[in-house]
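Taking it in order: structure first as structure tokens, then the write-up.
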Amino acid sequence: MDSTAQSYQHRSLSIKLWPPTQSTRLMLVERMTKNLITPSIFSRKYGLLSKEEAEVDAKEIEDAAFVTATQHFEKESDGDGSSAVQIYAKESSKLMLEVLKRGPRSKENGELASEKAGAIVETVFDISGGRRAFIDKEEASELLKPLMAPSSFTKICFSNRSFGFDAANVAGPILISIKDQLKEVDLSDFIAGRPEAEALDVMNIFSSALEGSVLRYLNLSNNAMGEKGVRAFRSLLKSQNDLEELYLMNDGISEEAAKAVAELIPSTEKLKVLHFHNNMTGDEGAFAIAEVVKRSPALEDFRCSSTRVGSEGGVALAEALGACTHLKKLDLRDNMFGVEAGVALSKVIPLFADLREIYLSYLNLEDEGAEALANALKESAPSLEILDMAGNDISATAAVSVAACVSSKQFLTKLNLSENELKDEGAALISKALEGGHGQLNEVDLSTNLITWSGAKLLAEAVVQKPGFKLLNINANFISDEGIDELKKIFKNSPDMLGPLDENDPEGEDIDEEAEDSDNDELESKLKGLEI
């Protein structure tokens, strides 16, 4: 046996979680600072903290939480410090909520800034409630009557009501009268069931009426617009220079429609949220979307899922995302990227230091693409909370890289590796990665992975004692009837944590003892080399 093998054999997998490193503490302070200066329901009511004040508050919160957790650890040492980590997280959350409710401490002319901010109330006008229906001229006049009186409405939502030509002519003059005060407009699903010609007329009327408004939020989803519909909103789109959120989901955004979007939006420098879910964009359309992404350096939330994008378009999107260093949420699910696009994406992943959620399921990544992405994520995105790589034909070969990535993400709350081919070997590697830390983990999905009782047992034991854990989904695997009984015993004190097993096939795989022993030897070897 060589020296390398010997070092693997004697490597300890024990994990000490307390005290945290100084870099971890500083990372938490930075994360809390960003949360404290992000607009929210609390900032609307109590006022938004300045960055300087938030930095001071975040440092004080972390110091107090660290002292409390350390006192707990010294009195009731739990060996690895996992309960101290929980105290640390809970105390930080509690103190941060108190600061948010307190609001800014600085005064302006003797008046509390929080009191001043509280005097400004953003009011929403919303007619989307109730049943989905057409509205005519008379009903539109009645529904929109509140908008004719002096008001402080800054957001309107006309979703779920279908406007025809006559109803749109009622809405047009009203929108012109209030457009200067509007900040958010939701016109999703507002022409359902209308003939194309009438729908285009309605879109033109609304677009002209809202032209020149200074919006931060615009939702045009669920309108089956296509290129004609996008161009019908030309006046509105061309006049927007301050958009922070744009939603074009389920809009029939084809190649030409995507090009129209890229052409008509004059500025995306302030854009933080861009969603293109469930369209028929394809590779050519992805090139146009990539141009928009390149011009969106402030982008924090990008969704381009179920858009029929293949390898070339995936590479173009990946390269464009290199300009978006503030990205917190990335959703590229259900496309045809393949290995090449997966590898291209892995090259820009290290730029996303603030990444919290990444959805990469059903992208045909295979082992090579999955390994590249897992390795990139392992070395970056320290605050990652959700990792979704379901349905990518990932085998036990890539499970070593995926497990190493998972073990490095101590803030992980949800892991989805369903519909892959991890088998017991991969399940064992993932379970070992989950054993230490991960105090915020609440959901793990390894359903449909060819797992038998031995792999299921390891997964169950890895999560059953985690505080706050909610669901282990290992349905549609090959667990024996006896194994299911044993699983239920493991979760006897928390049966709701174990998901349904109604699709399990106890006779799905016939493994002879010799093959099983061989697999176990190989698995043991890989576990010894796994970095935690």
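Does Phe337 qualify as being crowded, with 24+ Cβ neighbours inside 10 Å, closer than 17 Å to Tyr217 by Cα, touching a residue at least 12 places away in the same chain (Cβ under 8 Å) and not polar (S, T, N, Q)? Considered against the rule, which asks whether it is crowded, with 24+ Cβ neighbours inside 10 Å, closer than 17 Å to Tyr217 by Cα, touching a residue at least 12 places away in the same chain (Cβ under 8 Å) and not polar (S, T, N, Q), Phe337 comes out as no. Taking the stated definitions as given, is Ala69 closer than 24 Å to Gln440 by Cβ, at pLDDT 80 or above and either assigned to a helix (DSSP H, G or I) or under 28 Å from the mean Cα position of the chain (by Cα) (or both)? Criteria not met by Ala69. Exactly one residue out of Val29, Val56 is open to solvent by 60 Å² or more (accessible area, probe 1.4 Å), modelled with pLDDT of 80 or more and of a type in the set (A, V, I, L, M): that is Val56.
Scan Ser296, Ser346 and give me the residue that is crowded, with 20+ Cβ neighbours inside 10 Å, within 26 Å of Asn222 (Cα to Cα) and under 21 Å from the mean Cα position of the chain (by Cα).
On the way: Ser346 fails: within 26 Å of Asn222 (Cα to Cα).
The conditions single out Ser296.
Within region 209-227, count every residue that is closer than 29 Å to Glu284 by Cβ and either among the polar types (S, T, N, Q) or open to solvent by less than 70 Å² (accessible area, probe 1.4 Å) (or both).
Summing the residues that are closer than 29 Å to Glu284 by Cβ and either among the polar types (S, T, N, Q) or open to solvent by less than 70 Å² (accessible area, probe 1.4 Å) (or both) in region 209-227 gives 11.
So that you can scan it fast, the table gives a plain yes or no per residue for (1) touching a helix residue (DSSP H, G or I) at 6+ places or on another chain (Cβ under 6 Å); (2) of a type outside the set (Gly, Ala, Ser); (3) farther than 26 Å from Val309 by Cα:
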{"site": "Gly369", "(1), (2), (3)": "yes, no, no"}
{"site": "Ala376", "(1), (2), (3)": "yes, no, no"}
{"site": "Ala390", "(1), (2), (3)": "no, no, no"}
{"site": "Ile394", "(1), (2), (3)": "yes, yes, no"}
{"site": "Ser431", "(1), (2), (3)": "yes, no, yes"}
{"site": "Leu441", "(1), (2), (3)": "no, yes, yes"}
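Checked against (1) modelled with pLDDT under 95; (2) touching a helix residue (DSSP H, G or I) at 6+ places or on another chain (Cβ under 7 Å), Gln410 passes all but condition (2). Assess whether Glu244 counts as being open to solvent by 10 Å² or more (accessible area, probe 1.4 Å) and either over 30 Å from Ser383 (Cα atoms) or in contact with a strand residue (DSSP E or B) (Cβ under 7 Å, 6 or more places away or on another chain) (or both). Yes, satisfied. Scanning region 155-166 turns up one or more residues that are among the basic types (Lys, Arg) and farther than 19 Å from Arg234 by Cβ.
For residues that are basic (Lys, Arg) and within 24 Å of the chain's Cα centre (by Cα), scanning just region 441-475, find the one that is surrounded by the fewest Cβ atoms within 10 Å (Cβ to Cβ). Filtering first and then ranking leaves Lys470. Checking each residue in region 141-155 for being among the hydrophobic types (A, V, I, L, M, F, W, C), free of Cβ contacts under 8 Å to residues at least 24 places away in the same chain and in a loop (DSSP other than H, G, I, E, B) picks out only Ala149.
The values are calculated or read from the model by the stated rules, or taken from the named source; none is laboratory data. All figures in this text were calculated on a predicted structure; none of them were measured in a lab. Glycine gets a Cβ as well: all are built from the backbone with ideal geometry, and neighbour counts include every protein chain shown. Please note that ligands, DNA and RNA were not included when accessible areas were found on the heavy atoms of the full protein model with its side chains. Shrake-Rupley method; radii C 1.70, N 1.55, O 1.52, S 1.80 Å.
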